[in-house]
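Here's the structure, in structure tokens; my notes come after.
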Amino acid sequence: MLPEEGHLLRIFIGESDKYEGRPLYEWILVKAKEQKLSGATVFRGIAGFGANSRIHTAKILELSADLPIVIEIVDTLEKIDDFLPVIDNAIREGLATVEKANIRLYRMGAK
């Protein structure tokens with residue numbers, strides 16, 4: 001159960017980023033599950049740039065092996081604040097933001 005007023009943690013990293021021998025986005029997903037966060041979704045971008053201003057793109061002529069990855073997690077601010085120190089040292093290059101999220105529904109399908 002989530003309250004109506006939740007928060008969204010959005011993490012921006014690169015597809016080639018690794019931690020403990022596995023893709024960083026996968027590692028973060030596993031840690032989010034271990035921390036019993038409500039859920040997480042990983043998106044693969046087609047283009048983007050970050051603090052270093054290098055453009056990463058999926059264009060055929062400029063195929064990048066480091067496309068942008070965005071991980072979104074919605075939960076209570078308390079659980080997100082507890083999770084940030086868990087992932088802090090794993091993210092060497094990237095961005096994390098937290099913003100308010102109005103939760104309209106959160107349902108589990110029938111088993």
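Among residues other than Arg10 with Cβ under 10 Å from its Cβ, the summed charge is -2 (Lys and Arg +1, Asp and Glu -1). Net length available on complete extension from Ser38 to Lys100 is 20.8 nm, with 0.36 nm assigned per residue and the Cα-Cα distance removed.
A simple count of charges around Arg92, restricted to other residues whose Cβ falls under 12 Å of its Cβ and scoring Lys, Arg +1 and Asp, Glu -1, yields -2. Every helix of 4 or more DSSP H residues in the chain counts as -39500 (n - 2.57), and over all residues that averages to -6500 deg cm²/dmol at 222 nm. Helix 24-34 and the longest principal axis of the C-alpha atoms of the chain enclose an angle of approximately 10°. Considering every pair of different Cα atoms, what Kirkwood radius, in Å, is found for the chain? For the chain, inverting the mean 1/r across all distinct Cα pairs yields 15.0 Å.
By how many degrees, 0 to 90 and rounded to 10, does the Cα axis of helix 77-88 deviate from the longest principal axis of the chain? With both axes taken from Cα atoms, the answer is about 30 degrees.
Where a number appears in this text, it was derived from the coordinates with a stated rule and is not lab data. Computed from a predicted structure; not experimentally measured. When we count neighbours, we look across all protein chains shown, and the Cβ atoms used for this are built from the backbone with ideal geometry, even at glycine.
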